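The values are calculated or read from the model by the stated rules, or taken from the named source; none is laboratory data. Source: prediction; values computed, not measured. Neighbour counts are summed over all protein chains in view; Cβ atoms, including those assigned to glycine, are modelled from backbone coordinates with ideal geometry.
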Amino acid sequence: MELHIDEKRLLKIFQDQGKEEFNLEELENYMPKEKILRVSLWLKGKGLVDSEEKIRKIVKIAKNDEFPERKIAKYLKEHNLSEIEIKNLKDILPKEEINAALGAIKRKNIAKIERGKIIFENLDYDDDEEKLLEKIKDGLNLDNLDEEEKKIVDILRKRGFVKIDEEKKITIKLTEKGKEFIKKPIEIEEEITQLTRDIIISGKWKKAYIRPYDVKIPTKPVYPAKIHPLTRIIREVKEILLAMGFKEVKSPIVETEFWNFDMLFEPQDHPAREMQDTFFLKYPKEGEIPKDLLNSVKKVHERCWKYKFNEDISKRLILRTHTTSSSIRYLASLSEEEKEKPHKVFCIDRVFRNEAIDYKHLPEFYQCEGIIMGEDVNFNNLIGVLKEFLKRLGFEKVRFRPAYFPFTEPSLEAEVYLEGRGWLEILGAGIFRPEVLEPIGIKKPVLAWGIGFSRLAMLRFGLKDIRDLHKNDLDWLKRV
């Protein structure tokens, strides 16, 4: 049987060490890992070795930080206290850790929560979760833990303190045929990996083994520098829209309520303007707005919504809650001559909403807004454009259903179908209401739609928690 020189080298390790099996880590003392995997495949095809692969789940530390409940206990101990009012936890913990601390205190029963206070009987309490974290500091096989410890690991994983990585353990062992083969002495011949002029002229190649080249052999993974997945999606969407004839527009991140809400026919007492949804600037509090346009918008609001329009509210500065303000600014900037022409524009940029952070909500995210203005455009055109846009994004199955948005009528939501997950909402769209366009003197229909990149990223990369997109997990960034 003719063997490659590397096949002989690998078999000779078994012969010299007098062993019938090795795990991959042991063999790496003699040969590079990629070469071992490649050569073992060749020998497996010739029936000389066999391999066995086991996957181990390794629990590793995800973040080195104290539990928020322990931070509270330490604070009380340092200040010679045994209790604290819940409303004062903001002086000890970041806002996002307060609920986690309260939940952990109840679950572990390490203190009483009564009448808005946390009362500790023992500030030096034992904590099984802390003990397990110490135990797995350098990594621990999940299979080596008992059921109670596995439950604790699951809690720690949900709290973001540990992560579970999969590691492969590969064992390579001789078959009966391989055991017979290594009973005879194995001679290592000279090998030529690259033919040169001197080797050909000298005739040396006739006696040496010329190594064949196989493009299918396993090689070492290469992780070159690359663009962040979210940036890749943004660029992809931008290229698709430019190819579909749209042009890009921009607008300020800091907006007045006039451009963000009033121009879009949202009444000044609309819930979306309240503190729970919008970030308001402390300084400066007010911005400038065009007086003539303000008067026109005021008349429309008071005529249609039947309330007293407050100009001071219009001047308040906020972080924009959507990129639709870019579209309405663009339309308002058109000259009378430009209003006679069709327009297709889009904006991709950051927006801000005062949301509680969870698996599908962040206070800052990217959004894409697009509009089409034309003499004869209609609802069917909107559906057709959205179908084409989503198809170019890779979504073949698309359906639409009625929806409500304050500044469009009629309105719709688009859903895409993913195997194993069913129908998922991805964007909202509609035709701008006449009340939106009246103050800026536009009488043509304007189609509008918006898509959030967080939802798109979750669908594209199979994420269940949007926070994973921003964790800078190098292992995930390499794989995705």
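Tell me whether the stretch 426-433 contains one or more residues that are assigned to a strand (DSSP E or B), over 29 Å from the mean Cα position of the chain (by Cα), surrounded by fewer than 19 Cβ atoms within 10 Å (Cβ to Cβ) and of a type outside the set (Lys, Arg). Please lay out each step first, then the result.
Of all residues in the stretch 426-433, those assigned to a strand (DSSP E or B) come to 426-432.
Next, from what is left, pick out any that are over 29 Å from the mean Cα position of the chain (by Cα): 431-432.
Checking the rest, the ones that are also surrounded by fewer than 19 Cβ atoms within 10 Å (Cβ to Cβ) come to none.
The answer is no, given that none of the residues of the stretch 426-433 is assigned to a strand (DSSP E or B), over 29 Å from the mean Cα position of the chain (by Cα), surrounded by fewer than 19 Cβ atoms within 10 Å (Cβ to Cβ) and of a type outside the set (Lys, Arg).
Rundown of residues vs (1) among the basic types (Lys, Arg); (2) part of a loop (DSSP other than H, G, I, E, B); (3) surrounded by 17 or more Cβ atoms within 10 Å (Cβ to Cβ); (4) in contact with a Cys (Cβ under 7 Å, 6 or more places away or on another chain), yes/no style:
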site	(1), (2), (3), (4)
Ile172	no, no, yes, no
Trp205	no, no, no, no
Tyr213	no, yes, no, no
Thr219	no, yes, no, no
Pro224	no, yes, no, no
Lys238	yes, no, no, no
Gly245	no, yes, no, no
Pro252	no, yes, no, no
Margin query: Would you confirm whether or not the stretch 349-364 contains a residue that is surrounded by fewer than 19 Cβ atoms within 10 Å (Cβ to Cβ), at pLDDT 90 or above and more than 25 Å from Thr231 (Cβ to Cβ)?
Written below: no
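Yes/no matrix, rows are residues, columns are (1) within 22 Å of Val436 (Cβ to Cβ); (2) touching a strand residue (DSSP E or B) at 6+ places or on another chain (Cβ under 6 Å):
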residue: Asp349; (1), (2): yes, no
residue: Leu362; (1), (2): no, no
residue: Glu388; (1), (2): no, no
residue: Arg392; (1), (2): no, no
residue: Glu413; (1), (2): yes, yes
Next item on the list: Can you work out which of the residues in the stretch 295-344 that are among the aliphatic types (A, V, I, L, M) and in a helix (DSSP H, G or I) is nearest to Met373 (Cα to Cα)?
Entry: Leu331
Margin query: Exactly one condition in (1) without any contact (Cβ under 8 Å) to a residue 12 or more places away in the chain; (2) within 30 Å of Lys298 (Cα to Cα) is false for Glu239; which is it?
Written below: (2)
Notebook entry, point to check: From the set of residues in the stretch 391-425 that are part of a loop (DSSP other than H, G, I, E, B) and loosely packed, with under 15 Cβ neighbours inside 10 Å, which is modelled with the highest pLDDT?
Noted result: Lys397
Check: Do you know which residues across the stretch 398-429 are over 21 Å from Lys360 (Cα atoms) and touching an Asp or Glu at 6+ places or on another chain (Cβ under 9 Å)?
Finding: Val398, Arg399, Phe400, Arg401, Pro402, Pro406, Phe407
